[in-house]
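The values are calculated or read from the model by the stated rules, or taken from the named source; none is laboratory data. Since this is a predicted model, take the numbers as computed values, not measurements. When we count neighbours, we look across all protein chains shown, and the Cβ atoms used for this are built from the backbone with ideal geometry, even at glycine. SASA here: full protein model, heavy atoms, side chains in, ligands and nucleic acids out. Shrake-Rupley method; radii C 1.70, N 1.55, O 1.52, S 1.80 Å.
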Amino acid sequence: MTRKAGVSTLAIHGIPQRRPDWSPVAPALLQSSTFSNPVGSDDEVLYSRYGNNPNQRDIARKYALLEGADEAIFVASGMGATALAHLAVLRPGDHLISSGWIYGGTQRLFDQEFARFGIEVTYVNPDHPRQWRKALRKSTRAIFVETPTNPLLRIVDLGPISYIAEEEGLALLVDATFASPVNFRPLEHGADIVITSATKYLNGHSDVIAGAVAGASSFVEEVNRLMRLWGQAIDPHAAWLVDRGMRTLALRMDRHNQNGMAVAQWAEQQSAITKVHYPGLASHADHARAKKVLNGFGGMVGLELKGGAKSAERLLNRLKLITHAPSLAGVETLISEPRLTSHKSIGPEGRAKMGIPDGFLRLSCGIEDAADIIGDLEEGLK
Ligand SMILES: Cc1ncc(COP(=O)(O)O)c(C=O)c1O
């Protein structure tokens, strides 16, 4: 798949300008909580909890350019980004409409914490687009969507949702963690705000917890205000690691895209695997939409094994290259069982209804040779 126009990695590698002589090639890490300030100045002080440490600022500028946003801000985790993005647009008494296909942590945040703030949430099945309008109330202020979704890799159609959001004056927030800005940029599809767990593809090395949001300057200013008060700033060292990861983002995404496709195509041929969920396959429910809106299909693959949970456990115990661990989008291939991780609280019947039977495995293809990933799965399935 060729990369669609508009995705420029100049944002990552720097606006073309000559470096001054003797400047470091790698950015300096300013692991300092505070900075000296001129006596008598009433300019804003530099203090890392304020998010104005140069390491924090640099990655925010790069991420904003990547998403095509006015501004961006990094915080200490993807959950922190989701929480602050919503708190920036919602007040007690407000109503939020959310896609029902979202990360379990986000759903718990909505159900347990937002309820405490008097923010009500209505869940909509994106397979029934009329429900978005039906769910509207006088107090509705925002709509939240995750795409691609976890773990079925569904691609939600933002077209009709952004139309309603614009017509009704609502903020449309989109978590596109599973795509990264290389594969999908929600702001180009009508979203107002993009949220990402930078723990995943942006950093890409499974050694940082971080999150980011991007959108209009006024929105990011409000998230910044909340971040300072709720103490959510990203640590400068974590910001430095995110910067290092982002410098290989485009390269890694190309490899994740290739490996995801190779593994998915191989998996479709295996009798031990009853169903493969990958938006790049013609058999995927959203393949046509994925082809239209994504620049790449990504490294995430859902596998349903014949023999259910027992077969899954057997395979997991035999894998060598592939690591059984939660999280995703790092350079190393990881595998997890949604029934015991992200979708544990839903129960077997609820999961079956959602199309996630026992024996479902979520594979995050790393950047190893595709043949090595496939070889490990082949050995494990023998
Ligand atoms: C889609 C999505 N959004 C947000 C998060 C939360 O990110 P973090 O673990 O960085 O807080 C996750 C974590 O898995 C995720 O998968």
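For the range 200-216, check the following and say yes or no: at least one residue is more than 14 Å from the ligand (Cβ to nearest atom) and touching a helix residue (DSSP H, G or I) at 6+ places or on another chain (Cβ under 6 Å). Yes: one or more hits. Scan the range 333-376 for residues that are within 16 Å of the ligand (Cβ to nearest atom), of a type in the set (Ser, Thr, Tyr) and in a loop (DSSP other than H, G, I, E, B) and the total you get is 2.
When restricted to residues that are assigned to a loop (DSSP other than H, G, I, E, B) and in contact with a Cys (Cβ under 9 Å, 6 or more places away or on another chain), the range 283-320 contains 2.
Condition check ((1) under 30 Å from residue 323 (Cβ atoms); (2) in contact with an Asp or Glu (Cβ under 6 Å, 6 or more places away or on another chain); (3) within 14 Å of the ligand (Cβ to nearest atom); (4) not aromatic (Phe, Trp, Tyr)) across all residues:
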| position | (1), (2), (3), (4) |
| --- | --- |
| 170 | no, no, no, yes |
| 176 | yes, no, yes, yes |
| 182 | yes, no, no, yes |
| 236 | yes, no, no, yes |
| 251 | yes, no, no, yes |
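Give the residues of the range 273-282 that are within 22 Å of residue 366 (Cβ to Cβ) and part of a loop (DSSP other than H, G, I, E, B), sorted by residue number. Outline the logic, then answer.
First, the residues of the range 273-282 that are within 22 Å of residue 366 (Cβ to Cβ): 273, 276-281.
Passing the criteria: 278, 279, 280, 281.
Does at least one position in the range 224-232 carry a residue that is more than 16 Å from the ligand (Cβ to nearest atom), farther than 29 Å from residue 153 by Cα, open to solvent by 50 Å² or more (accessible area, probe 1.4 Å) and aromatic (Phe, Trp, Tyr)? For the range 224-232, residues more than 16 Å from the ligand (Cβ to nearest atom), farther than 29 Å from residue 153 by Cα, open to solvent by 50 Å² or more (accessible area, probe 1.4 Å) and aromatic (Phe, Trp, Tyr): absent. Summed over the range 174-207, residues that are at positive phi and either surrounded by fewer than 24 Cβ atoms within 10 Å (Cβ to Cβ) or touching a Cys at 6+ places or on another chain (Cβ under 7 Å) (or both) total 2.
Candidates are the residues of the range 127-152 that are part of a loop (DSSP other than H, G, I, E, B) and away from the ligand (no atom under 15 Å from the Cβ); the one that is nearest to the chain's Cα centre (by Cα) is 127.
This table checks each residue for (1) surrounded by 21 or more Cβ atoms within 10 Å (Cβ to Cβ); (2) closer than 24 Å to residue 208 by Cα; (3) in contact (Cβ under 8 Å) with a residue 12 or more places away in the chain; (4) away from the ligand (no atom under 16 Å from the Cβ).
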{"residue": "53", "(1), (2), (3), (4)": "yes, yes, yes, yes"}
{"residue": "61", "(1), (2), (3), (4)": "no, yes, no, yes"}
{"residue": "66", "(1), (2), (3), (4)": "yes, yes, yes, yes"}
{"residue": "74", "(1), (2), (3), (4)": "yes, yes, yes, no"}
{"residue": "81", "(1), (2), (3), (4)": "yes, yes, yes, no"}
{"residue": "97", "(1), (2), (3), (4)": "yes, no, yes, yes"}
{"residue": "108", "(1), (2), (3), (4)": "no, yes, yes, no"}
{"residue": "118", "(1), (2), (3), (4)": "no, no, yes, yes"}
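Every test in (1) within 24 Å of residue 249 (Cα to Cα); (2) surrounded by 16 or more Cβ atoms within 10 Å (Cβ to Cβ); (3) more than 16 Å from the ligand (Cβ to nearest atom) is passed by residue 292 save one, and that test is (2).
Only residues that are of a type in the set (Val, Ile, Thr), open to solvent by 10 Å² or more (accessible area, probe 1.4 Å) and at pLDDT 95 or above were counted across the range 307-343, and they come to 2.
Number of residues in the range 343-370 that are under 19 Å from residue 276 (Cα atoms) and in contact (Cβ under 8 Å) with a residue 24 or more places away in the chain equals 15.
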